[in-house]
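Just below is one structure, and these are the notes that go with it.
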Amino acid sequence: MTAIADRIEQASGAFEPSARLRKLGIGRGTAWLILIVILIVSLFPFWWALRTGLSSNSELFAGEQSLLPVGYTNNNFERVLGTASETEILDSLGRQNTGSFDFWQSLKVSVIVATAITVGQVLFSGMAAYAFARLRFFGRDKLFFLFLSGLMVPPIFTLIPNLIFIKNLGWLNSYPGIIAPFFFMTPFAVFFLRQFFLGISREVEEAALLDGAGHFRTFFGIIVPMSAAPIATLAILTYITAWNEFLWPLVVARAPERQPLTVALGQFTAQQPGTSPDWSGLMAGTLLAALPIIVIFLAFGRRVVDSIGFSGIK
Amino acid sequence: MTAAQRALPRRWPLLRSGNLHGGWPSAFWFLLPALIGFVAFYLYPAIRGVYISFTDWNLIANEGDWVGTDNYDRLLDDSRVWDSLKVTIRYTVINIVSQTILAIGIAVLMDRLTKSVVIRGIILFPWLIPNVIVAMLWVWMLDGNLGIVNEFLGWFGVDPIRFFTDTDKVIPTLAGINTWRHMGYTALLIFAGLQTIPKNLYEAAALDGATERQMFFGITMPLLRPILALVLVITIVGSLQVFDTVYVATGGFGGQPGGPANASRVIYLYIYQNAFDFNQLGYAAAISVLLVVILLAVTFVQLKLLRAGESDLS
């Protein structure tokens with residue numbers, strides 16, 4: 001449906017803009033060409049990483065620059081996934097493996113952390129957003145403004161006190177320590193959902209309340225189902241943000257078994273020697289670490305794309 | 001009955017009376033989790049951060065004594081603070097100029113050519129990938145010996161460029177990488193802004209014989225001002241807080257984070273080093289306070305200058 005609508009829109013708008021572009025001295029074809037170059041620039045690094053991950057290091061160091069893998073091998077991906085044998089590692093690297101990380105353990109940490117943060121943050125921010133949008137209580141607008149002012153606090157400012165706090169709780173190198181600061185709310189999540197709740201008609205809600213449903217039943221039974229789309233969008237954005245977080249887990253999880261993929265990959269890079277680093281292994285690991293985000297984006301891309309205009313314009 | 005309640009239609013008697021949505025008792029449980037998170041991880045650490053900046057906090061002992069304004073006195077005399085600020089500002093300026101110009105160009109192209117979600121998705125894609133991975137992709141592509149970018153430049157007779165090891169080039173390189181990651185996101189924000197401009201304004205201007213250039217500067221730019229103000233605030237505040245990319249891109253392969261020769265030691269990295277490499281958390285907190293003051297001032301001045309709240313469209 002929407003694809004058809006898009007096409008109709010394009011067709012109806014085709015005349016006027018092309019005439020205007022011609023006035024600029026740029027033909028429609030040239031404009032498309034520029035856009036295609038931009039699309040290639042956006043995607044090429046990922047192809048190049050895949051091509052490098054499937055190449056052998058010895059061929060790479062020989063300076064081969066073909067667009068396709070040189071000395072095709074699965075070995076790099078197997079090394080990252082831990083399924084390569086010692087001799088295979090020696091073969092592909094020409095030396096012992098310097099620096100490595102436990103991909104599966106870090107993947108597990110990333111999944112647990114991102115999932116817990118998404119569930120907690122969306123649920124609790126949604127409840128607060130409902131209170132700010134619908135309930136009436138003393139100091140509501142002042143409290144909401146205070147919440148919003150949290151948007152102005154840069155993460156580095158709270159990083160040190162938060163780390164001391166987590167350390168005092170005995171939560172260094174633990175899941176609760178990595179998750180807690182993002183678990184309960186973010187000002188953005190509260191703001192985002194409040195905007196949607198404000199737009200929901202009060203009639204259904206009023207009917208439910210008149211029927212004697214409590215606020216919790218009204219919220220979970222009516223408001224949440226009616227806001228499924230924006231809640232899903234927020235959940236996807238929250239999951240990606242949590243997955244990408246680097247600085248907080250870097251300082252709070254020094255132990256390798258509690259490092260999410262971003263931190264583990266960063267450490268893996270830092271261990272690489274200056275001469276003949278393991279490029280193909282690095283690129284294989286990089287792609288595997290990005291894979292969950294790529295899958296999420298392929299599945300829910302439209303939601304993410306459509307949400308960008310919202311967060312900007314309000 | 002408050003004025004807001006009186007404004008409600010008569011068919012919602014319970015809402016009008018205020019009884020149904022009355023008071024803190026019903027709001028309390030909705031707000032409790034978010035309040036815990038806000039107080040524990042935003043409000044309390046913000047206050048404590050200021051306190052820590054007046055102590056000589058040591059993370060290993062996890063305690064600190066009041067030292068008055070020592071940290072701030074030291075900060076004023078520390079040339080490395082001002083050097084790192086200069087580096088940060090240089091990064092920010094290069095990043096903002098390239099990113100904003102590219103994003104406006106992409107947004108206008110998309111506005112004229114296509115509303116395809118797939119194309120918008122591809123352009124947005126790099127923004128979703130973790131900074132750590134983006135840094136690694138580009139360190140490989142921009143490698144001085146084997147990088148594809150130098151190979152490409154070689155076709156045009158350009159000598160290999162040492163993107164990461166030349167003290168003059170490292171900051172423009174990092175800014176370029178960040179521009180690549182963010183230009184799609186910024187373009188989508190501006191694209192959303194373009195959709196709010198009524199097309200009949202252009203038709204009327206075209207009838208009056210306005211040139212494309214006149215329409216761009218006479219209609220598009222003024223009406224985009226609110227969204228441009230927002231985009232600039234987001235990008236400048238974000239650029240001043242750059243950390244992940246610098247830490248990973250300059251820290252691997254035998255290099256030091258912030259290298260070469262501290263040419264890429266941005267303010268965030270200097271705060272990080274003071275806190276976690278030199279164990280001087282009080283001093284790190286004092287520099288964070290300075291950064292917060294700068295960020296607030298930048299935001300305030302920008303919003304004033306650009307009169308963000310107003311649109312010429314009303």
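Only the coordinates and a few stated rules stand behind these numbers; no lab work does. On a predicted model such as this, the values are computed, not experimentally measured, just so you know. All Cβ positions, even for glycine, are placed from backbone atoms using ideal geometry, and neighbour counts span all protein chains on display.
A Cβ-based charge dipole, computed about the Cα centre of region A:103-271 with Lys and Arg at +1 and Asp and Glu at -1, lands at about 320 debye.
The modelled label-to-label distance between A:V37 and A:D306, using points 7 Å beyond Cα along the C-beta direction, is 3.4 nm. The B:F278 and B:V93 beta-carbon pair, evaluated with R₀ = 25 Å, returns a calculated FRET efficiency of approximately 0.30. Simple spin-label estimate for A:V224 and A:L298 gives 3.1 nm between the two label positions (7 Å along the Cα-to-Cβ direction from each Cα). What the Kirkwood sum gives for region B:72-305 is a hydrodynamic radius of 19.7 Å, with every pair of different alpha carbons counted.
Extension gain, A:F138 to A:E203: 0.36 nm times the residue separation minus the Cα-Cα distance gives 21.0 nm. Close amide H partners of B:T55, meaning residues 5 or more places away or on another chain with modelled amide H under 5 Å apart, are B:V67. Remark: for residue pairs B:K86/B:K304; A:K108/A:K167; A:K142/B:K86, the C-alpha separation exceeds 29 Å in A:K142/B:K86. In a reduced charge model with +1 at each Lys and Arg Cβ and -1 at each Asp and Glu Cβ, chain B shows a dipole moment near 1500 debye about its Cα centre. A viscosity of 1.306 mPa s and a temperature of 10 °C, combined with the Kirkwood radius over Cα pairs in Stokes-Einstein, give a translational diffusion coefficient for region A:196-298 of 91 µm²/s. Averaged over peptide A:133-143, the number of partner chain Cβ atoms lying within 10 Å of each residue's Cβ comes to 5. Pick from B:L223, B:L128, B:L194 the residue whose mean-square fluctuation is largest in a GNM of chain B, springs joining Cα atoms under 10 Å. Per the Cα network of chain B with a 10 Å cutoff, B:L128 tops the list.
The modelled label-to-label distance between B:D83 and B:D159, using points 7 Å beyond Cα along the C-beta direction, is 2.7 nm. The Cα trace of region A:36-78 gives Rg and Dmax of 11.5, 34 Å, the first to one decimal, the second as a whole number.
For the protein assembly as shown, adding -39500 (n - 2.57) for each run of n ≥ 4 DSSP H residues and dividing by the number of residues yields -22000 deg cm²/dmol at 222 nm. Between B:R74, B:R213, B:R48, the Gaussian network model of chain B with springs among Cα atoms under 10 angstrom shows the greatest mean-square fluctuation at B:R213. Full extension of the chain segment joining A:R254 with A:Q65 gains 64.3 nm, where the gain is 0.36 nm per residue of separation less the Cα-Cα distance. Think of each Lys and Arg Cβ as +1 and each Asp and Glu Cβ as -1; about the Cα centre, that makes the dipole of the protein assembly as shown roughly 2220 debye. Between B:V233, B:V170, B:V50, where does the largest GNM mean-square fluctuation fall for chain B, given springs only between Cα atoms within less than 10 Å? Of the options given, B:V50 has the highest mean-square fluctuation.
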